[in-house]
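The values are calculated or read from the model by the stated rules, or taken from the named source; none is laboratory data. Because the structure is predicted, anything quoted here is derived from the model rather than measured. Please note: Cβ atoms are built from the backbone with ideal geometry, for glycine as well, and neighbour counts cover all protein chains shown. The protein model used for the area step is the full one, side chains on, heavy atoms only, and it has no ligands, DNA or RNA in it. Shrake-Rupley method; radii C 1.70, N 1.55, O 1.52, S 1.80 Å.
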Amino acid sequence: MALYVQVDRGDLFRFCFVSCGILLHATNETMIATIMPNMVGELSGVELVGWSLAVYELGAITAGAAAGRLVSYVPLKLNMAFAALFYAVGALLCAISPSMPVFLAARLIEGLGGGALVSLAFVSVERLFERRIWPQLFAVISAIWGVSAFAGPLFGAVVAEALSWRWAFGLFSIGGFAMAAASLVVLAGSSLRADAAPSGRAASFPFVPLACLALAVTLIAGASVSIAPLRSSLLLLAGLGGLVAFFALDARLPAARLFPSRLFDWKSKVGSGMTFIAAFSIATCSFTIYGPLILTSLHGISLLTTGYIIAAESISWSVLSILVANARPESERAIIVGGAAMIAVGIAGFAWAVPAGSIPLILACAVLQGGGFGIAWPFVTRIIVSAAKESERTIASSAVPTMQRIGYAVGSALCGIIANASGFSEGLSGATAAGVAKWLFLAFVPLGVLGVAAAIGNSARK
């Protein structure tokens with residue numbers, strides 16, 4: 001649909017520039033899947049693979065919440081420059097990491113920068129443009145994110161095979177430093193300036209809940225290191241308790257809350273919808289994190305082939321979401337439930353297809369999983385936002401990607417426990433990969449069933 005709206009060309013150019021931050025963040029986020037086999041081969045530390053996404057998402061969640069508040073007090077150009085600088089330094093440290101623990105610390109820094117870049121892109125829409133053209137601009141952001149999601153694994157595979165996994169991060173570091181320098185020039189005349197809050201005080205920041213979330217994810221991930229039944233069980237239970245405490249603390253801070261009320265109450269569409277988001281975000285991490293590592297170790301499948309498979313998942317998400325975008329309201333329930341069923345079948349199918357090494361079946365499961373998200377996600381998101389209290393609709397709209405990131409962080413930590421308990425704690429080999437290949441996907445089938453139940457509940461309520 002064409003966009004015939006009079007806008008300031010300077011602001012439009014600046015918006016396009018700021019949106020490049022999403023390209024850096026999203027491509028890097030998905031690239032890790034296809035460079036992991038080469039990276040683990042050099043750095044070892046296969047038992048810490050699950051941490052790679054967890055720490056990145058924790059950094060992104062924290063920085064995303066901070067950047068949205070800081071832009072009211074610090075000019076956009078400085079916010080963007082510092083965010084890009086964090087990202088660039090983190091990527092550079094990843095590129096020169098001598099060990100997996102150092103890499104994970106660098107990955108956290110990189111996540112802080114990437115999360116801030118994404119948040120600033122969304123803030124620029126609100127501050128630079130009229131409300132009536134927000135949908136079109138958010139569509140641009142979604143398109144950039146979609147392209148990045150399927151380009152990341154392919155980029156990682158090509159660079160890792162042609163040069164080195166270190167060069168993949170090195171190139172992102174160069175991009176980050178270039179964006180940091182350009183921000184001071186491109187955004188110098190932006191109409192997005194620091195505006196003091198009405199109260200004259202900084203907006204509340206959820207320090208305690210986010211610290212609780214970080215501790216919870218760290219405890220869950222920590223349970224995967226040196227697997228021991230008693231120790232790992234206690235850490236896992238403590239981590240799950242920390243997640244409960246995080247959501248409880250968030251509900252008690254109305255001035256700084258990250259989520260709408262009735263968060264997991266299935267009597268409301270908000271509750272069942274957010275359960276859908278959480279369950280499937282956690283359950284679908286396993287192939288993205290460990291799929292290429294298992295396929296290359298167990299079946300000798302090339303990195304480029306695994307990159308194509310992950311890219312196909314992202315493409316099916318984008319294509320099917322476009323195909324159902326104009327669906328009639330009466331078809332909404334069937335679309336949501338059908339999408340949830342596709343995701344659940346994809347999760348269960350991986351448990352058979354990956355150990356068998358059948359590329360056509362693995363590709364089919366990836367397409368089912370991505371396509372299911374593509375057709376259900378937009379409608380579930382719309383239902384969550386429209387069903388929230390009017391005063392909480394802004395919170396509800398930002399809560400969906402936040403819950404998705406939390407799901408990825410928790411899911412990657414749980415994947416680490418399952419993978420290490422199934423054999424990776426003994427090192428990376430064909431034999432250990434065979435054990436991991438089966439249990440890593442079967443373990444998340446119950447969450448897939450929960451997601452389907454939530455979809456049925458979400459679409460059934462008025």
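For residues that are over 18 Å from residue 124 (Cβ atoms) and not hydrophobic (A, V, I, L, M, F, W, C), scanning just the range 61-104, find the one that is surrounded by the fewest Cβ atoms within 10 Å (Cβ to Cβ).
Residue satisfying both the conditions and the ranking: 98.
What pairs come up if the first residue lies in the range 27-43 and is at negative phi, the second is crowded, with 24+ Cβ neighbours inside 10 Å and basic (Lys, Arg), and their beta carbons are under 9 Å apart, counting only those six or more places apart or on different chains?
Filtered contacts from the range 27-43: 32/107.
Just wondering, is there one or more residues in the range 226-246 that are β-branched (Val, Ile, Thr), in contact with a helix residue (DSSP H, G or I) (Cβ under 8 Å, 6 or more places away or on another chain) and within 15 Å of residue 403 (Cα to Cα)?
no
For residue 64, indicate whether it is within 25 Å of residue 226 (Cα to Cα), among the small types (Gly, Ala, Ser) and under 16 Å from the mean Cα position of the chain (by Cα).
Criteria not met by residue 64.
Would you point out the residue of the range 409-446, among those that are open to solvent by 50 Å² or more (accessible area, probe 1.4 Å) and assigned to a helix (DSSP H, G or I), that is modelled with the lowest pLDDT?
Looking at the filtered set, the residue picked out is 425.
Which numbered condition in (1) within 26 Å of residue 155 (Cβ to Cβ); (2) assigned to a helix (DSSP H, G or I) is the only one that residue 341 fails?
Here residue 341 meets the rest and fails (1).
Being open to solvent by less than 20 Å² (accessible area, probe 1.4 Å), among the polar types (S, T, N, Q) and either at pLDDT below 80 or at positive phi (or both) is the filter here, so list the residues in the range 166-220 that pass it.
If the condition is that a residue be open to solvent by less than 20 Å² (accessible area, probe 1.4 Å), among the polar types (S, T, N, Q) and either at pLDDT below 80 or at positive phi (or both), then 190 is the only one that fits.
Sort out which residues of the range 86-102 are at pLDDT 90 or above and assigned to a helix (DSSP H, G or I), and write them in order of number.
Listed by number, the residues that qualify are 86, 87, 88, 89, 90, 91, 92, 93, 94, 95, 102.
Checking the structure you have, find out if any residue of the range 342-349 is open to solvent by 30 Å² or more (accessible area, probe 1.4 Å) and under 24 Å from residue 160 (Cβ atoms).
No.
Is it true that some residue in the range 279-297 is over 14 Å from residue 36 (Cβ atoms), free of Cβ contacts under 8 Å to residues at least 60 places away in the same chain and not in a helix (DSSP H, G or I)?
no
Looking only at the range 13-29, filter to residues that are of a type in the set (Phe, Trp, Tyr) and open to solvent by 10 Å² or more (accessible area, probe 1.4 Å); which one of those is modelled with the highest pLDDT?
Out of the qualifying residues, it is 17.
Could you list, in sequence order, the residues of the range 30-51 that are within 22 Å of residue 220 (Cβ to Cβ) and surrounded by fewer than 24 Cβ atoms within 10 Å (Cβ to Cβ)?
Within the range 30-51, 40, 45, 47, 48 meet the criteria.
Across the range 385-402, which residue is nearest to residue 329 (Cα to Cα) among those that are surrounded by 18 or more Cβ atoms within 10 Å (Cβ to Cβ) and touching a Pro at 6+ places or on another chain (Cβ under 8 Å)?
Looking at the filtered set, the residue picked out is 388.
Of all the residues that make up the range 340-378, how many are farther than 22 Å from residue 30 by Cα and under 19 Å from the mean Cα position of the chain (by Cα)?
Qualifying residue count, the range 340-378: 1.
Which of the residues spanning the range 309-319 are of a type outside the set (Val, Ile, Thr) and either open to solvent by less than 50 Å² (accessible area, probe 1.4 Å) or over 24 Å from residue 275 (Cβ atoms) (or both)?
Passing the criteria: 311, 312, 313, 314, 316, 318.
List the residue pairs whose Cβ atoms are under 7 Å apart, where the first residue sits in the range 101-120 and is closer than 15 Å to residue 405 by Cα, the second is open to solvent by less than 20 Å² (accessible area, probe 1.4 Å) and of a type in the set (D, E, K, R), and the two are 6 or more positions apart or on different chains.
111/57
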